[in-house]
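A short write-up of the structure that comes next.
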Amino acid sequence: MDGERIYSVILGSAVNNDGDTAGLTVPSRLSQEDVLRTAYRRSRVDPSAVDYVELHGTGTKVGDPIEAAALGAVLGTGRTTPLLVGSAKTNVGHLEGAAGITGLLKAVLGIHHRQIPASLNFDTPNPAIPLPALGLAVQQELAPWPDRATPALAGVSSFGMGGTNCHVVITEAPQ
């Protein structure tokens, strides 16, 4: 009504906590799966319809395989093409508390411009993450958003110190 440009719409979100884990930097796969399922249920979005997920991407030997496994379990199954993933951290470095909002802005602008940004500085996948088996693929170059008859859909994950997990589901703005 005010003439402001709307770049994207948040369809739903979820936040939870890992609870008691093996350590401060050891996330819970089950808690991450739960936050994903809750966000997509609240959004009324079939996880297999999502085009792209902006990962938190802890950059740790423990955290990244757990995040990928949770994502694969919830969004990687029932797909005809792999779920495209990336992380703002490959573009701008580790962001501490700003990682979530930076990832959200990256995904929003990707949807708005109908392009999936490259994961810059990504060379070799972590051997502990079986990307094809999980139904995932790292977006390695700037590419057009997948052309589908349905609106573009993306997810954004962000994790906090002490086990907080958050996932937001976004789509393109109405015309």
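What to note about this one:
- Spacing of the modelled spin labels on Asn17 and Ala128, each 7 Å from Cα toward Cβ, amounts to 2.5 nm.
- What the chain shows is 53 Å² of accessible area per residue, with the surface traced by a 1.4 Å probe over protein heavy atoms.
- GNM result for the chain, Cα springs below 10 Å: residue of Lys89, Lys106, Lys61 fluctuating most strongly: Lys61
- Of all accessible heavy-atom area on the range 1-150, the percent that carbon and sulfur account for (1.4 Å): 56
- Across the chain, the longest piece that holds none of the GluC sites (Glu not before Pro) lying in DSSP loops with up to 11 other C-beta atoms within 10 Å covers 5-140.
- Each of Thr77 and Leu142 was given a label point 7 Å from its Cα along the Cα-to-Cβ line. The distance between the two points is 3.7 nm.
- Stretching the chain fully between Leu120 and Val92 yields a gain of 9.2 nm (0.36 nm per residue, less the alpha carbon separation).
- Counting only whole DSSP H helices of the chain, the ones at least 20 Å long by C-alpha along their axis and with mean Kyte-Doolittle hydropathy no lower than -1.0 are 99-113.
- Coarse-grained scattering of the chain at q = 0.12, 0.17, 0.18 Å⁻¹, given as base-10 log I(q)/I(0) from a Debye sum over alpha-carbon atoms: -0.49, -1.03, -1.17
- Relative contact order of the chain, pairs being alpha-carbon contacts under 8 Å that are 6 or more residues apart, as %: 35
- Full extension of the chain segment joining Ser48 with Thr25 gains 5.4 nm, where the gain is 0.36 nm per residue of separation less the Cα-Cα distance.
- Inter-label distance, Val62 to Leu105: 3.1 nm, where each label sits 7 Å from its Cα along the C-beta direction.
- Quarter of the Cα convex hull surface for the range 1-79, i.e. its orientation-mean projected area (nm²): 7.0
The values are calculated or read from the model by the stated rules, or taken from the named source; none is laboratory data. Computed from a predicted model, the values in this text were never measured in an experiment. Because the Cβ atoms are built from the backbone with ideal geometry, glycine has one as well, and the counts that use them run over all protein chains shown. Remember, those area values only see protein heavy atoms, side chains included, never the ligands or the DNA or RNA. Shrake-Rupley method; radii C 1.70, N 1.55, O 1.52, S 1.80 Å.
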